[in-house]
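Here is the structure we will look at, set down as structure tokens.
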Amino acid sequence: MSGRTRVAVVTDSAAALPDDIAARWSIRVVPMWITVGGEAELEGARPLDELIGLPEVSTSAPTPGEFATTYAAALEHADAVVVCTIAASMSATHEAARLAAAGFQDRVRVVDSRSAAGGEALVALAAARAAAAGASLDAVVERACAVAARVRLIATVPNLDHLVRSGRVPGIAGWAGKKLGINPLFEFAGGRIRRLRPALSADAAAERMVAHVARSAVAGGRLHAVALHALALPVAEELAARLRPFDPDEVFVGAFGPVMVVHTGPGLAGIAWWWEAPG
């Protein structure tokens, strides 16, 4: 897409949004920060596999100034900006985006995706499609908020140790996954993580995730989905294949970036999705 548009869309790098899809829909991505041994670097500055196992790795949100720079650049080609962020309950990113927006009056609006990774990506994509169709600022925001209210994410991890350390789930869940050799499952929806009944194998976990997608189907609805992974590409590709019988409007594979992997650990695989009602 080229030329001036009514609304530009911005997201942050917590969204598992492949570069080619972001480029196709002109979605600008503000990178988060990684701190390794006390030294800060932008997410993506080094390959993810170099970070695995390194001590003292932490993450931080983009600054309001970094968001403001992105807004200003977007407004050179658009009349307004809609920003879709990782859930406010999970990161300071949403607040940084909101503080930056205050300097642009009503030309920048910030939407809490209430999700992360593929869920956040689906919200940003819905906003970008509405913007590409010529929707007004209010209509793009409305679309993003509607999808944020519907999007769900279910994933499995080899164990919950990383999530336990980050304070996202109760410690006993990590103990059970490690001691019993089960495949923990969790759901992220509405800005909150909750544990699901664990699966007894990786294949059973995949079946359970696809079953959740099927049970949430809307009659005559169209599926939008992302198969997610953290250094587990073959598993995500298999999940994407399991979704194709639903004849989805879109299904793609999205890789977790370093910021997300710091909190989940490697080996995560999952599905983010929402059903679009007919009409």
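What about V111, is it at pLDDT 95 or above, within 14 Å of I27 (Cα to Cα) and of a type in the set (V, I, T)? Outline the logic, then answer.
Details: at pLDDT 95 or above: yes; within 14 Å of I27 (Cα to Cα): no; of a type in the set (V, I, T): yes.
So V111 does not fit the description; no.
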> Does the range 32-75 hold any residues that are touching an Asp or Glu at 6+ places or on another chain (Cβ under 9 Å), more than 30 Å from R107 (Cβ to Cβ) and of a type in the set (S, T, N, Q), and which are they?
Replying inline: T35
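Considering only the range 5-13, I want to know if a residue exists there that is out of contact with any Asp or Glu (no Cβ under 6 Å at 6 or more places or on another chain) and of a type in the set (G, A, S). Let's see the steps before the verdict.
At the first step, the residues of the range 5-13 found to be out of contact with any Asp or Glu (no Cβ under 6 Å at 6 or more places or on another chain) are 5, 7-12.
Keeping just the survivors that are of a type in the set (G, A, S) gives 8.
Yes, there is a match, as at least one residue in the range 5-13 is out of contact with any Asp or Glu (no Cβ under 6 Å at 6 or more places or on another chain) and of a type in the set (G, A, S).
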>> Looking for something surrounded by 22 or more Cβ atoms within 10 Å (Cβ to Cβ) and touching a strand residue (DSSP E or B) at 6+ places or on another chain (Cβ under 6 Å) - is there at least one such residue anywhere in the range 17-25?
In response: no
>> For the list (1) part of a strand (DSSP E or B); (2) of a type in the set (A, V, I, L, M, F, W, C); (3) over 22 Å from Y71 (Cβ atoms), I need the number of the one condition that V110 fails.
In response: (3)
>> Suppose we keep only residues that are assigned to a loop (DSSP other than H, G, I, E, B) and over 19 Å from the mean Cα position of the chain (by Cα) within the range 189-212. Which one would you say is farthest from V251 (Cα to Cα)?
In response: L200
>> I need every pair where a residue in the range 205-231 that is within 25 Å of V262 (Cα to Cα) has its Cβ under 6 Å from the Cβ of a residue that is polar (S, T, N, Q), sequence separation at least 6 or different chains.
In response: A205/T156; A205/N183; A230/T264
> So which residues in the range 89-130 are more than 19 Å from A14 (Cα to Cα) and among the charged types (D, E, K, R)?
Replying inline: D106, R107, R129
> Of all the residues that make up the range 58-76, how many are surrounded by 16 or more Cβ atoms within 10 Å (Cβ to Cβ) and touching a residue at least 60 places away in the same chain (Cβ under 8 Å)?
Replying inline: 4
> Going through the range 58-76 one residue at a time, which ones are small (G, A, S), outside any loop (DSSP other than H, G, I, E, B) and within 25 Å of G191 (Cβ to Cβ)?
Replying inline: S58, S60, A68
> If you go through the range 227-256 one residue at a time, how many are among the aromatic types (F, W, Y), within 19 Å of A116 (Cβ to Cβ) and at pLDDT 95 or above?
Replying inline: 1
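Every residue in the range 39-57 that is part of a helix (DSSP H, G or I) and free of Cβ contacts under 8 Å to residues at least 12 places away in the same chain, please.
Restricting attention to the range 39-57, the residues satisfying the condition of being part of a helix (DSSP H, G or I) are 48-51.
Result: E50, single match.
Just checking, how many residues over the range 1-38 are acidic (D, E) and closer than 18 Å to T69 by Cβ? Even if it seems obvious, please write down each step before you answer.
Kept after step one, since they are acidic (D, E), are these residues of the range 1-38: 12, 19-20.
From what is left, the residues that are closer than 18 Å to T69 by Cβ are 12.
Of the residues in that region, 1 qualify.
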> over 20 Å from L125 (Cα atoms), aliphatic (A, V, I, L, M) and not in a helix (DSSP H, G or I) - does that describe any residue in the range 232-255?
Replying inline: yes
> Looking at E76, is it over 23 Å from E276 (Cα atoms), among the charged types (D, E, K, R) and out of contact with any Gly (no Cβ under 9 Å at 6 or more places or on another chain)?
Replying inline: yes
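Within the range 77-89, which residues are assigned to a loop (DSSP other than H, G, I, E, B) and either among the charged types (D, E, K, R) or surrounded by fewer than 22 Cβ atoms within 10 Å (Cβ to Cβ) (or both)?
First, pick out the residues of the range 77-89 that are assigned to a loop (DSSP other than H, G, I, E, B): 77, 86-89.
Selection gives H77, A88, S89.
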>> Among the residues of the range 257-267, are any under 25 Å from I86 (Cβ atoms), modelled with pLDDT of 95 or more and in contact with a Leu (Cβ under 7 Å, 6 or more places away or on another chain)?
In response: no
>> With the requirement that a residue be surrounded by 24 or more Cβ atoms within 10 Å (Cβ to Cβ) and in contact with a Phe, Trp or Tyr (Cβ under 8 Å, 6 or more places away or on another chain), what does the range 97-117 give you?
In response: A97, A100, V108, S115, A116, A117
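The values are calculated or read from the model by the stated rules, or taken from the named source; none is laboratory data. Everything numeric in this text was worked out from a predicted model, so none of it was measured. All Cβ positions, glycine included, derive from the backbone under ideal geometry; neighbour counts span all protein chains shown.
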